[in-house]
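Down below is the structure, laid out as structure tokens.
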Amino acid sequence: MMGEQLYGLSVKNLQDLENQLEMSLQGVRMKKEKILTDEIQELNRKGNIIHQENVELCKKVNLIQQENTQLCEKVYGTADMAATSRNTFVPIPYGIHAGGYPQALVQLQLCQPEQEPCETSGSATK
């Protein structure tokens, strides 16, 4: 109904119309609340799944780190901690992002230094 159509209605008709509008509005609000509640529950469910995946990935990273440390100890022995520290997962400092992921880890790998042949004054080619 348009405002102009309300002009001829009695007080009783206006009160009935108001009650209908109130009930319709309450139904709309209830449906909106249910939709929002369902969305919140779904987002919470997804958040829990992502959290569990994150926990599992952290466990895997820790396991790989332990295996990496054990391999370094086998290669270099436990006394050579400097060599062990060269092959670890190192968190990237705050403000530096690897590939757009602020919590990314960088794997540092061991490599043998290249040895340059030593020249003595008697063996140098002329």
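Structure values in brief
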read-out: Hey, Glu42 open to solvent by 100 Å² or more (accessible area, probe 1.4 Å), charged (D, E, K, R) and assigned to a helix (DSSP H, G or I) or not; value: no
read-out: Residues of the range 1-33 satisfying the condition of being under 40 Å from the mean Cα position of the chain (by Cα) and either acidic (Asp, Glu) or open to solvent by less than 70 Å² (accessible area, probe 1.4 Å) (or both); value: Gly27, Glu33
read-out: The range 1-21 residues that are touching a residue at least 40 places away in the same chain (Cβ under 8 Å), paired with ones that are open to solvent by less than 70 Å² (accessible area, probe 1.4 Å) and part of a helix (DSSP H, G or I) (beta carbon under 7 Å, 6 or more apart); value: none
read-out: Residue match in the range 65-73 (condition: at pLDDT 95 or above, open to solvent by less than 100 Å² (accessible area, probe 1.4 Å) and among the hydrophobic types (A, V, I, L, M, F, W, C)); value: no
read-out: Gly77 vs. criteria surrounded by 10 or more Cβ atoms within 10 Å (Cβ to Cβ), modelled with pLDDT under 95, among the small types (Gly, Ala, Ser) and over 36 Å from the mean Cα position of the chain (by Cα); value: yes
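The values are calculated or read from the model by the stated rules, or taken from the named source; none is laboratory data. No experiment lies behind these values; they were computed from the predicted model shown. Positions of Cβ are backbone-derived with ideal geometry, glycine not excepted, and every protein chain shown enters the neighbour counts. Heads up: the accessible areas ignore ligands, DNA and RNA and are worked out on the full protein's heavy atoms, side chains in. Shrake-Rupley method; radii C 1.70, N 1.55, O 1.52, S 1.80 Å.
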